Amino acid sequence: MPIYEYVCKSCRKEFEAIRPMSQKDEPIECEKCGSKKVRRKQSVFSARNESGSVAGTSSGCDCGSCSGGSCSSCGH
Ligand SMILES: [Zn+2]
């Protein structure tokens, strides 16, 4: 499951959540202050657990499973 990064608009706390891709834009509460004014950052998804390379973050697709263009899992 990909890791998504969020930033709280109320207290500016940055935190991560591991969520299914289908829930990446679902409301989430700030883990510090509980605010729901949380913005999702453009993802680095799970790259930090892998071989050190960050791929596919600049091509306009942030589904976390493809490097841009078309892929079957996110339907674009
Ligand atoms: Zn907060």
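The values are calculated or read from the model by the stated rules, or taken from the named source; none is laboratory data. Owing to the predicted nature of the structure, the values given are computational and were not obtained by experimental measurement. Positions of Cβ are backbone-derived with ideal geometry, glycine not excepted, and every protein chain shown enters the neighbour counts. Only protein heavy atoms, including side chains, enter the accessible area calculation; ligands, DNA and RNA are left aside. Shrake-Rupley method; radii C 1.70, N 1.55, O 1.52, S 1.80 Å.
Here is how the numbers come out for the structure above:
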quantity: Output for region 5-19, where each listed residue is open to solvent by less than 30 Å² (accessible area, probe 1.4 Å) and within 13 Å of the ligand (Cβ to nearest atom); calculated: Tyr6, Val7, Cys8, Phe15
quantity: Condition check for Ser22: modelled with pLDDT under 90 and out of contact with any Gly (no Cβ under 7 Å at 6 or more places or on another chain); calculated: no
quantity: Residues satisfying the stated conditions in region 21-38, i.e. charged (D, E, K, R), touching a residue at least 24 places away in the same chain (Cβ under 8 Å) and within 9 Å of the ligand (Cβ to nearest atom); calculated: Lys32, Lys37
quantity: For Cys61: the one exception among (1) in contact with a Cys (Cβ under 9 Å, 6 or more places away or on another chain); (2) at pLDDT 65 or above; (3) not small (Gly, Ala, Ser); calculated: (2)
quantity: Residues of region 1-19 that turn out to be part of a strand (DSSP E or B) and either among the charged types (D, E, K, R) or under 10 Å from the mean Cα position of the chain (by Cα) (or both), as a count; calculated: 8
quantity: Glu29 over 16 Å from Met1 (Cβ atoms) and at pLDDT 60 or above; calculated: yes
